[in-house]
Amino acid sequence: GARQQTNRCNESLMLEKLPACGKSFEEMMKKVDSKKWCNLTEFIMYYDNFTLCTEREANKASCFWPNPLAEGFITGIHKQFFSNCTSEKVHWEDPPDEILITLILIPVMLTCAMITLVVWCSKRSDIL
């Protein structure tokens, strides 16, 4: 039988290569106004390239991806660029009374009109 050689994860090589991905992402993020860093649509392609880079470097070092070390590196990048991005809770408010009354009355009146039409048509079934 042939022996299958398994490659062990070279964590030090991976940690040596990941900063290049971070540097590349940092250069790309300079093209985006920092006020727009919380809007994913503004930099989704850059982030995708960053993710693919970290995956590629982990695989080159025979490491699975994501792994705790790569995740730690990615978390550091997130803290660097997205620490001020918080999800704001939406505060729901009722619409003004005029709009609310209109939104309630329209279906009620349509329902009444349909009932009246059905009753009227059922009484005139001899004509139809």
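Taking the stated definitions as given, is TRP92 more than 16 Å from the chain's Cα centre (by Cα), open to solvent by 50 Å² or more (accessible area, probe 1.4 Å) and closer than 25 Å to SER12 by Cα?
When the stated conditions are applied, TRP92 does not pass them.
Return the only residue of LEU100, LEU110 being farther than 30 Å from GLU11 by Cα and either assigned by the TED database to the domain that holds PHE25 or open to solvent by less than 90 Å² (accessible area, probe 1.4 Å) (or both).
LEU100
Looking at region 73-87, which of its residues are open to solvent by 40 Å² or more (accessible area, probe 1.4 Å) and hydrophobic (A, V, I, L, M, F, W, C)?
Once the filter is applied, which keeps residues that are open to solvent by 40 Å² or more (accessible area, probe 1.4 Å) and hydrophobic (A, V, I, L, M, F, W, C), region 73-87 yields PHE73, CYS85.
Do we find a residue being among the β-branched types (Val, Ile, Thr) and not assigned by the TED database to the domain that holds LYS79 anywhere in region 28-49?
No: zero hits.
So which residues in region 27-72 are touching a residue at least 40 places away in the same chain (Cβ under 8 Å) and surrounded by 12 or more Cβ atoms within 10 Å (Cβ to Cβ)?
MET29, TRP37, CYS38, GLU57, ALA58, LYS60, ALA61, SER62, CYS63, ASN67, LEU69, ALA70
Might you let me know whether region 116-127 holds any residue that is over 20 Å from MET14 (Cα atoms), open to solvent by less than 60 Å² (accessible area, probe 1.4 Å) and of a type in the set (Ser, Thr, Tyr)?
no
The values are calculated or read from the model by the stated rules, or taken from the named source; none is laboratory data. Keep in mind that what you see is a predicted model, and the values were worked out from it rather than measured. Here the Cβ is made from the backbone with ideal geometry for all residues, glycine too, and neighbour counts use every protein chain on show. Just so you know, the surface numbers come from the protein's heavy atoms only, side chains and all, with ligands and any DNA or RNA stripped out. Shrake-Rupley method; radii C 1.70, N 1.55, O 1.52, S 1.80 Å.
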